[in-house]
Amino acid sequence: MIDRFNSGHRKIKEVMKRIGFIEYKMKRYFVHEDTSLFIEFPRGLLGVGDAPVQEIAVRKTETGMLKLLTPTDCIKDRLAAYYH
């Protein structure tokens, strides 16, 4: 998840704590005892490699709108991670 508005770590921490997550090591990671996955909140603009993301994919769900990277940007991100 991206803190694109740089709204402040304190707010994020409060909300994550209310739903059962705790901070893990560096302040932008949160873990929950019910899963082995973690949630990260990097700051700043959303980018893939050195390029800013131009398009956001939107999916409607029962609970609201989910904003995601496009499939192309997902692949570019993974390739950039592998390369660097």
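Tabulated values for the structure
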| item | result |
| --- | --- |
| Output for region 36-52, where each listed residue is surrounded by 14 or more Cβ atoms within 10 Å (Cβ to Cβ) and touching a helix residue (DSSP H, G or I) at 6+ places or on another chain (Cβ under 6 Å) | F41, V48 |
| Verdict on G64 being surrounded by 10 or more Cβ atoms within 10 Å (Cβ to Cβ) and not hydrophobic (A, V, I, L, M, F, W, C) | no |
| Residue in region 5-16 that is in a strand (DSSP E or B) and either modelled with pLDDT of 90 or more or not hydrophobic (A, V, I, L, M, F, W, C) (or both) present | no |
| Residues that are at pLDDT below 70 and surrounded by 10 or more Cβ atoms within 10 Å (Cβ to Cβ), drawn from region 17-28 | K27 |
| Those residues of region 41-55 which are under 16 Å from I75 (Cβ atoms) and of a type in the set (G, A, S), in sequence order | G47, G49, A51 |
| Residue identified as among the basic types (K, R) and touching a strand residue (DSSP E or B) at 6+ places or on another chain (Cβ under 6 Å) among K25, K76 | K76 |
| Spans of strands (runs of 3 or more DSSP E) in region 24-84 with at least 1 residues among the β-branched types (V, I, T) | 29-31, 38-40, 56-61 |
| E33 loosely packed, with under 12 Cβ neighbours inside 10 Å and outside the structural domain of M1 (by TED's automatic domain parsing) | no |
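Here's the yes/no breakdown for (1) touching a residue at least 40 places away in the same chain (Cβ under 8 Å); (2) closer than 16 Å to M1 by Cβ; (3) not aromatic (F, W, Y):
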site: F30; (1), (2), (3): no, yes, no
site: F38; (1), (2), (3): no, yes, no
site: P42; (1), (2), (3): yes, yes, yes
site: K67; (1), (2), (3): no, yes, yes
site: D77; (1), (2), (3): no, yes, yes
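The values are calculated or read from the model by the stated rules, or taken from the named source; none is laboratory data. All values derive from a computational prediction rather than experimental measurement. When we count neighbours, we look across all protein chains shown, and the Cβ atoms used for this are built from the backbone with ideal geometry, even at glycine.
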